[in-house]
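Each remark here refers to the structure printed beneath this line.
The values are calculated or read from the model by the stated rules, or taken from the named source; none is laboratory data. Treat the numbers as computed from the prediction; the structure is a model and nothing was measured. No Cβ is skipped: glycine too gets one built from the backbone with ideal geometry, and neighbour counts run over all protein chains shown.
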Amino acid sequence: MEHLTKETLARLVDERPNPEQREHLSSCTVCALELRGLRRQTEALGSLPDLRPPPGDWVGLEARLMSEGLVDGGSRSTGFSVLFRTGWMQAAAAVILFLGGTSFGAAMSGDLQAASDDTVDARVAGVPQSVEDAAEAVYSAEQAYQLALVQYGQIERRGRTRNYGELLGRAATLDALLAATQEAVRISPSDPFFNGLLVNTLAEREDMLRQISSTRDGGWF
Amino acid sequence: MTEATLIRRACQGDGQAIRALYERYAPRVYAVVRRIAGDDDLAQDYAQEAWIRAIRALPTFRGDARFSTWLHRIAVNSALQALRKTETRQKREGPMPETIAVSPESSDVLLGDRLERALDQLPVRMRKVLILHDVEGYTHDEIGELLGVAPGTSKSQLFKARGKMRTLLQALTAPNGQEEVEAWSI
């Protein structure tokens, strides 16, 4: 007995067999089982789940959106806009900055720590329980930091000398952003957005601590 | 925030809104482009291109279809076009192996992984038709339009693809993989 071809059997997944094929299928176990296997295969293909993009996918897309001018660079950006423009994107650097930044921060004066702690407490009051809450907290903290940056920029443009207290204020808003981002990463450890933001916030903080340190060394105290 | 609001804001370049749309639909977009591409690296490029096209085209979205359907169609078109370019380049640069190497077997490989791996090994033309029809649910008329072939050609490719897929799946069945034996053995 000649079996039905694979193509014919594959066609019978969608179409009705003709009388001849029906008769064959009723008497040939091999072809009947093959057809059953093809039907299962088709069902399984139709039930394949969606796939999560690899980590870092959004970061690449965001960079492209920005380079093509498809994202408004203003205050309602995704959060990467200010911090990613600083160019601190290397993962290795992130680790170093994390360790370095943390220890540097711990060594900072009580003034800065107190200012930061107050702001952090204020900003992160009510620990977020969901990713949405965390994202909202990050967004608010970033807005505050951007505002501080704008104010600081205006002061500089007016030709005033940099003021240690103003730097501390700016640092406090950055610390609040850092705390919100760390909390977001704790809630959603594999989120590339939060991780990327954390990397860049730490880098920004490190840079600022250096500025503060040099300002102090420059004779303010 | 409603989808309509997100879309309106994304049209205006609001990064938060674009990010929210991405979070909502990235797995769907990535799944279809990954399967069409048959390769992780290509898939990431194709997905990015699909999103860029979609964001650019957002002002043309009138809401006649669901946003997910509109986005999905852009992703499919974009991936097919990108794959065509990749194929042309590969032809110019020399023949590519027809199949992608299969990673070593392990007892805990899920059935879905086997399906994905078998899909990756299908010749491109068969893969495109099989994915569009059996995975994504397109009709032969729609596939014919997307691929620029007659619906009959789409059907014929589909039947060949199913047969080839079955052979590939049987070859991928682990010797002691009970799950696969139950699901795929004849």
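Given the residues A:40, A:36, A:22, A:16, which is the only one that is part of a loop (DSSP other than H, G, I, E, B), surrounded by fewer than 17 Cβ atoms within 10 Å (Cβ to Cβ) and not assigned by TED's automatic domain parsing to the domain that holds residue A:191?
Matching residue, one of A:40, A:36, A:22, A:16: A:16.
Restricting to region B:17-28, count the residues that are facing chain A (nearest Cβ under 8 Å) and either touching a strand residue (DSSP E or B) at 6+ places or on another chain (Cβ under 6 Å) or surrounded by 19 or more Cβ atoms within 10 Å (Cβ to Cβ) (or both).
4
Does residue B:61 count as at pLDDT 90 or above and closer than 26 Å to residue A:136 by Cβ?
no
Filter region B:127-147 down to residues that are touching a Leu at 6+ places or on another chain (Cβ under 8 Å) and part of a helix (DSSP H, G or I), then give me how many there are.
14
Only one of (1) crowded, with 22+ Cβ neighbours inside 10 Å; (2) at pLDDT 80 or above fails for residue A:197. Which number is that?
Going through (1) crowded, with 22+ Cβ neighbours inside 10 Å; (2) at pLDDT 80 or above one by one, residue A:197 breaks only (2).
Which residue pairs have Cβ atoms closer than 9 Å, lie 6 or more positions apart in sequence or on different chains, and pair a first residue in region B:122-136 that is farther than 14 Å from residue B:87 by Cβ and more than 11 Å from chain A (Cβ to nearest Cβ) with a second residue that is assigned to a loop (DSSP other than H, G, I, E, B) and of a type in the set (A, V, I, L, M)?
Filtered contacts from region B:122-136: B:129/B:149.
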